[in-house]
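The values are calculated or read from the model by the stated rules, or taken from the named source; none is laboratory data. What you are looking at is a predicted structure, and each value in this text was computed from that prediction instead of being measured. Counting neighbours? That spans all protein chains shown, and the Cβs are built from the backbone with ideal geometry, glycine included.
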Amino acid sequence: MQLGFLVDLHLCMGCKGCEIACKVENEVPLSTWRLRVKYVDVGTFPETKRTFTPLRCNHCENAPCERICPVSALHYLDNGIVNIDKERCIGCAGCVMACPYGAIYIDPETQTADKCTYCAHRIASSLMPACVVACPVEANIFGDLDDAASNISRYMQSRTDVQVRKPEKGTNPRHYYVGASQVHLNPLASKREEGYTLFNKLTHLPVGGQH
Amino acid sequence: MAAHEILAATNAVVTLDVALPGIVWPWLVTVNMWAKSIGTGIIFMLFMLLKMYPDQAGKLRFPVTVVSIVFIHIFLLFTLADLHQPFRMWHIFFHPHWTSAITVGAWMATAFVGLLFVLAYLSFIKKDNVAFDKLLTWVVLLAIPVTLYTAALMSQSTARELWQMPTESAQMVFAALLAGSAFMILLGGSKLNYEAKKTLGTVLGLSALMSFILYMSEYVFGPMKAEEVAFVLEYIKGDGPYTVMFWLGQWIAYILPMLLIVLSRASRSENLLKLAAILALAGLWLVKHVWLIIPQLLPMS
């Protein structure tokens, strides 16, 4: 079994239900996120549109975070999930530096690395990840990539526009997007202007705790 | 924020997202790399001097060992200080993950420290120069991967395109030779004659030259290879936030020492050599710091 995730960006409406469900399910501290939805506005008024991109750990088949972790705190589960053992983590932040997707952060409460685990604890109880359950339009499709009859496999077979983020890094992500453009997938394809965004003026946050 | 060209046709602007994380590996890591360059570099220099000027370098066996022990411990202390869970450091030894350069480096550095203490014992208590010199060969061989492992760690940082192998390896070796020769010039005092110091000056000058060439190569040609490198280097170009620090580092660590070494050879001035050494050591910190920080400013997602 190799679990994977697919987000159909045609369906996502940026409600952030997945983000909140993840926060609640995993007790993610303030100022940190395991899953987030990024808004990028494209075009020039009046010809504009808003894009939404849910971003989470890609659970790469060739995960740089797993490779660089000095104590195997980041490790593969048999189902392909890249899991984290927070009791073992020494907080070297090597994984934060290695992840090309910016999916790992230092938890300010535990002072250890943390990230999306595809809700491994729920999957162990045969439950879907919290974000999948919360999505009102079923934009999040989760399942076994090794099973050709699974929802995610059939979805991928039916589409020609399935993409991953940063394929050139050779990480072989198991997190896919349908209907994505460069603006969705490439962080350098959009500007990050200083100052206010839609709802806040946060630009940079210090890494939690010591530094 | 660094300037970056977004296609006018898309005019894409991030309007809602989480804040970017701050610097994850801060100045503590810079000190780590800087101190390690001295700690291993001075061992390389002792080995070289014992081969070329055995009569003079013999008196330096114990002082160099002490300097190396001090700076390797500074390196280890700052490595520990940079951990968010420093009291779990022992996990590296009891739960080692051998694909990680951090693990391999920690084990090698530990062995290196152990051998340095044996060297100190041989030179200070047992006063056995023959055994010291035999062991020093093995210490030098171990000092090479201890110097290089940070480069391996940086290249394992898949997200940071700027840190490439084998460039980082070369940079680490040249940094060790530069720092080692600079510190030895200062440490040598009356124990080394001008000829020995001139040799150290040559090592310093050539290391500075090679390092400068590597940085300039990346500065000019890096952006032609990868979008991420181009984006990161904007932080040290034009009116970028790290432009001043970058060029200050290049001048203090490399350009001025090279000029001073040429002048010192013309005038046989040891004071100019010492000034070059001090500048090189100070500038190396700046150079390392800029190169450490700028890839961390890159938005990853």
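Structure notes:
- For the range B:25-39, taking the residues that are crowded, with 20+ Cβ neighbours inside 10 Å and hydrophobic (A, V, I, L, M, F, W, C), the one that is nearest to the other protein chains (Cβ to nearest Cβ) is identified as B:25.
- Residue in the range B:99-111 that is away from chain A (no Cβ under 14 Å) and under 30 Å from residue B:157 (Cβ atoms) present: yes
- In the range A:140-165, the residues that are touching a residue at least 60 places away in the same chain (Cβ under 8 Å) reach residues that are in a loop (DSSP other than H, G, I, E, B) and of a type in the set (A, V, I, L, M) with C-beta atoms within less than 7 angstrom, at least six apart or across chains, in these pairs: A:142/A:128; A:144/A:1; A:146/A:1; A:152/A:145.
- Qualifying positions in the range A:44-65 - facing chain B (nearest Cβ under 9 Å), of a type outside the set (A, V, I, L, M, F, W, C) and touching a residue at least 24 places away in the same chain (Cβ under 8 Å): A:50, A:51, A:53, A:64
- Subset of the range B:126-154 that is of a type in the set (S, T, N, Q) and more than 30 Å from residue A:96 (Cα to Cα) - its residue that is nearest to the chain's Cα centre (by Cα): B:137
- Any hit, the range B:253-268, residues being hydroxyl-bearing (Ser, Thr, Tyr) and closer than 30 Å to residue B:66 by Cα: yes
- Residue check: residue B:217 meets all listed conditions (1) of a type in the set (S, T, N, Q); (2) in a loop (DSSP other than H, G, I, E, B); (3) modelled with pLDDT of 95 or more but one, namely (2).
- Members of the range A:103-146 that are closer than 18 Å to residue A:12 by Cβ, assigned to a helix (DSSP H, G or I) and small (Gly, Ala, Ser): A:130, A:134
- Residue match in the range A:103-118 (condition: in contact (Cβ under 8 Å) with a residue 12 or more places away in the chain, in contact with a strand residue (DSSP E or B) (Cβ under 8 Å, 6 or more places away or on another chain) and surrounded by fewer than 19 Cβ atoms within 10 Å (Cβ to Cβ)): no
- Filter result for residue B:211 (in contact with a Ser or Thr (Cβ under 8 Å, 6 or more places away or on another chain) and either surrounded by fewer than 19 Cβ atoms within 10 Å (Cβ to Cβ) or assigned to a helix (DSSP H, G or I) (or both)): no
- Condition broken by residue A:106, with the remaining ones in (1) within 28 Å of residue A:144 (Cβ to Cβ); (2) facing chain B (nearest Cβ under 8 Å); (3) touching a Gly at 6+ places or on another chain (Cβ under 7 Å) satisfied: (1)
- Looking at B:137, B:110, just one residue is under 29 Å from residue A:88 (Cα atoms) and either among the β-branched types (Val, Ile, Thr) or not in a helix (DSSP H, G or I) (or both), and that residue is B:110.
- Considered as a group, the residues in the range A:30-43 that are of a type in the set (A, V, I, L, M) and within 7 Å of chain B (Cβ to nearest Cβ) include one that is nearest to residue B:17 (Cα to Cα), and that residue is A:40.
- Qualifying residue in the range B:76-94 (condition: free of Cβ contacts under 8 Å to residues at least 60 places away in the same chain, more than 9 Å from every other protein chain (Cβ to nearest Cβ) and surrounded by 16 or more Cβ atoms within 10 Å (Cβ to Cβ)): yes
- Looking across the range A:54-86 at every residue that is among the polar types (S, T, N, Q) and surrounded by fewer than 24 Cβ atoms within 10 Å (Cβ to Cβ), the one that is nearest to residue B:101 (Cα to Cα) is identified as A:72.
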